[in-house]
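The next block holds one structure in the form of structure tokens; read it before the comments.
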Amino acid sequence: MADLNFSSLYDVVRTFERILGPFPVLVIVVDDAGRVVMSNDAARTAFNRPEIEMQTCALHSLVPGLDIAGGARPGDTPGDTPGDTPMRKRAIRKGGSAFPVEVHVSRHDLGGGELVFLALHDLSERLETEQALRDSRALLDAVLSGMPAMVSAKTSEGRYEFINAFQAEVFGIDPEAAVGRTTSELLGAATGRSIDAEDRTLGAGQVASRRSEEELVDAEGRHRKFLTTKAALKDSKGMVQRVLSVALDITHDSAAEERLERLAHHDELTGLPTGSALSHMLTAQIRTAKPRAGRIGYVLLTIENLREIGADLGAQGRDTLVRRLAIRLAGLVPEDAVIARVDGSGFAILMPDIADVAEVEITAAGLTARAGREIPIADRMAIPKLLCGLAVYPEHGRDADELMRAAELALTDQPGAMAQPVRRYAEAMAERLRQRRAIERDLRRDLEHGHLATRFQPIYRLAGNRLVGFIANLVDAEGQPLLTGGTDRPSSLAIAEREGLIVPMSEWLLRQACAARRRWGTAGSGDMTVTVSLHAQQLYQPDLIDMVEDILAETNTAAADLVFALGESIAVEDPDVALGTLEGLAQLGVRLRIDDFGAGASSLMHLRRFPVDQVVIGGDLVARVPDDADAAMVAAAAIQLAGALEKSVSVSGLATDEQIRFFRDRHCLEGSGPALGAAVDEAGALAMIANRLKVAV
């Protein structure tokens, strides 16, 4: 056995690696002379040696001082041999660098010789858990005894020297009784004849190795599929000593591959083609339409309220609706159209040979109207809310990818509050997308590189025109407002919320605002407040209260000096969670105010439920006062309601002296806006505070 040459065992090594792949071990197999005959990819990578070079190495050149004479054998009682205890050694890479390893040794008899399996765990790279480390030796033993792989060795004459426990179990035979017999003698001529013939071919040295899939019948009569690798093991003179076979059970893998192949092209729930299959179809249709200047319509349809339907009817009811909607759509689209399921809540329709864009729009409008009718689910009725985005080749895309992106953009580009049921792609959508990406890129850059700044809008006590605080706003390095937007360009606030930037940016602003408030106190102003907007995404962060408390402590800011401004949609997602969080902030001593009070019914609900101290009247309502009689009446009513509930009233957006007088005469406490002063940097804020103190003196 010491003279064995394993250089022809590439396929065998690969097979062992499939078994050992998930485990974090370097595997080296040596003969009883201490020469490396087999290694896995992990070992070759760790030692920085190619496979051929590894097979020229002596073990002591890789792991100096490693004695394998007392290694463990399968069946030994733990503690019987030195190999039961992992050994800590220094392994040497090519080039001389060393790394610490833990070595497990396992010896296996194969006829008259031995193979020594070494499992080395690289201690410099903790790749897996300690459990994997403890199991490494047991794993190597299991490769030859208990893993779902048949391992056997035959003499060059084709008689078994060894079969592992798994192979014995598969065929219902005794491993000891198999020694010295052929496969035909064990399993019968019908099964064993071809196996014996192949093994004799290998034993005669006619081929070095062979790999194939074979179907065998196990002891219970089941047909099972195996991936079998056989290799002839030769001595130093090139004579075959034995034939090693490793057979992996791939019965379930084959079935899974067939299932995956189908799932790759057909949706399991509806039986419709998948989006990837439709993409191939669309590419083929474009290839056909291009030479004859044909047009192709592509409609993307989504069930906007599918999540709500699932919450109401459960997962089974949701899936039933999707299946029935697929059947309904199939009866509504043109005969030559193809329907596909493209994601969890959407369908796509490919319409070849259309006359013009109008034809696709008419079809899409009909689909949303007729397919969106009630669908019975058990004893309930569900109404899917359908939205369509459409694009046409070649006007909106020159290939399948461009056309599909255009339809997706038409579906998702909804700048207004009300989503249109059917939207056709337009170049303006692409421009808005480019703007959104530019704003997102700038926001990320500003946040990551510290290109952010704070501007402070002064707040005055209307009676006496006395400075009482500031509203902290976020701006970029050039002083342009962030987290705002208008109808002429995408909203940076909406983009920050969608991309998950609103939370870190708002935390940055809060920290800066509280630090500024501390410096105001140093300047001699002890009663000044700082107001920071609290966005909806922040409200649902589980660590919000801890974060606020930490920042107050870091900046030595009193909680009573901090005011959080709540937006109109602050509690839309989960009012109960919002209430608990706001009560926690109030318990810290932080003050709360509601912005745009009187603009809708939700603000009245917030005033009743939430622990707010102040309401703010602003927006269009303030802009129309005092000239618009209706606006003046609504504003007066809102002020009276807040007073009845013992809430103070502030006004934002004051632009004229007339507006200031109107709200001051109706006993509004505070106000801000262009008529009272523009936003300033921190130096400007400190100057305003100092000026106020001088006037007071």
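The values are calculated or read from the model by the stated rules, or taken from the named source; none is laboratory data. Nothing here was measured: the structure is a model prediction, and the numbers come from that model. Neighbour counts are summed over all protein chains in view; Cβ atoms, including those assigned to glycine, are modelled from backbone coordinates with ideal geometry. When the accessible area is computed, the model is the full protein with side chains, heavy atoms only, and any ligands, DNA or RNA have been set aside. Shrake-Rupley method; radii C 1.70, N 1.55, O 1.52, S 1.80 Å.
For the reader, a short list of remarks on this structure follows.
- Candidate set from segment 246-265 (those that are open to solvent by 70 Å² or more (accessible area, probe 1.4 Å) and within 30 Å of residue 351 (Cβ to Cβ)); member that is modelled with the highest pLDDT: 265
- Hits in segment 209-236 (condition: over 18 Å from residue 193 (Cα atoms) and part of a loop (DSSP other than H, G, I, E, B)): 220, 221, 222, 235, 236
- Only residues that are assigned to a loop (DSSP other than H, G, I, E, B), open to solvent by 80 Å² or more (accessible area, probe 1.4 Å) and not acidic (Asp, Glu) were counted in segment 637-671, giving 2.
- Which listed residue is outside any helix (DSSP H, G or I), at pLDDT below 80 and farther than 23 Å from residue 313 by Cβ, from 429, 418: 418
- Filter pass, residue 159 being under 45 Å from the mean Cα position of the chain (by Cα) and either at pLDDT 85 or above or not hydrophobic (A, V, I, L, M, F, W, C) (or both): no
- So residue 228, is it of a type outside the set (Gly, Ala, Ser), farther than 30 Å from residue 31 by Cβ and in contact with a Leu (Cβ under 9 Å, 6 or more places away or on another chain): no
- Reported count of residues in segment 191-208, each being more than 51 Å from the chain's Cα centre (by Cα) and part of a loop (DSSP other than H, G, I, E, B), is 3.
- Residue 690 meets each of the listed conditions (1) open to solvent by less than 40 Å² (accessible area, probe 1.4 Å); (2) over 23 Å from residue 566 (Cα atoms); (3) not charged (D, E, K, R) apart from (1).
- Of the residues making up segment 160-190, those that are assigned to a loop (DSSP other than H, G, I, E, B) and out of contact with any helix residue (DSSP H, G or I) (no Cβ under 9 Å at 6 or more places or on another chain) are 172, 179, 180, 181, 188.
- Across segment 293-319, the number of residues qualifying as in a helix (DSSP H, G or I), open to solvent by less than 60 Å² (accessible area, probe 1.4 Å) and touching a helix residue (DSSP H, G or I) at 6+ places or on another chain (Cβ under 8 Å) comes to 5.
- Selection from segment 544-569 of residues that are open to solvent by 60 Å² or more (accessible area, probe 1.4 Å), in contact with a Lys or Arg (Cβ under 9 Å, 6 or more places away or on another chain) and among the charged types (D, E, K, R): 554
- Hits in segment 193-206 (condition: surrounded by 16 or more Cβ atoms within 10 Å (Cβ to Cβ) and farther than 21 Å from residue 250 by Cβ): 196, 200, 201, 202, 203
- Some residue of segment 208-216 being modelled with pLDDT of 85 or more and closer than 23 Å to residue 108 by Cα: no
- The residue pairs whose first member lies in segment 166-190 and is among the charged types (D, E, K, R), whose second member is crowded, with 17+ Cβ neighbours inside 10 Å and part of a helix (DSSP H, G or I), and whose beta carbons are closer than 7 Å, counting only pairs six or more residues apart or on different chains, are 174/168.
- Among the residues making up segment 440-485, those that are assigned to a helix (DSSP H, G or I), open to solvent by 70 Å² or more (accessible area, probe 1.4 Å) and at pLDDT below 80 are 444, 445, 448, 449.
- Of all residues in segment 510-543 being in contact with a strand residue (DSSP E or B) (Cβ under 9 Å, 6 or more places away or on another chain), in a helix (DSSP H, G or I) and at pLDDT 90 or above, the one that is most open to solvent (accessible area, probe 1.4 Å): 512
- Which numbered condition residue 336 fails, given (1) among the acidic types (Asp, Glu); (2) surrounded by fewer than 17 Cβ atoms within 10 Å (Cβ to Cβ); (3) modelled with pLDDT under 85: (3)
- Residue within segment 145-152 that is modelled with pLDDT of 85 or more, surrounded by fewer than 22 Cβ atoms within 10 Å (Cβ to Cβ), small (Gly, Ala, Ser) and assigned to a loop (DSSP other than H, G, I, E, B) present: no
- Residue pairs whose Cβ atoms lie under 8 Å apart, sitting 6 or more positions apart in sequence or on different chains, and linking a residue in segment 207-224 that is surrounded by 15 or more Cβ atoms within 10 Å (Cβ to Cβ) to a partner that is assigned to a loop (DSSP other than H, G, I, E, B), are 208/8; 209/8; 209/9; 224/218.
- The set of residues in segment 153-172 that are open to solvent by less than 40 Å² (accessible area, probe 1.4 Å) and among the hydrophobic types (A, V, I, L, M, F, W, C) comprises 153, 163, 166, 168, 170, 171.
- For the residues 323, 295, the requirement of being out of contact with any His (no Cβ under 8 Å at 6 or more places or on another chain) and either farther than 16 Å from residue 392 by Cβ or free of Cβ contacts under 8 Å to residues at least 60 places away in the same chain (or both) singles out 323.
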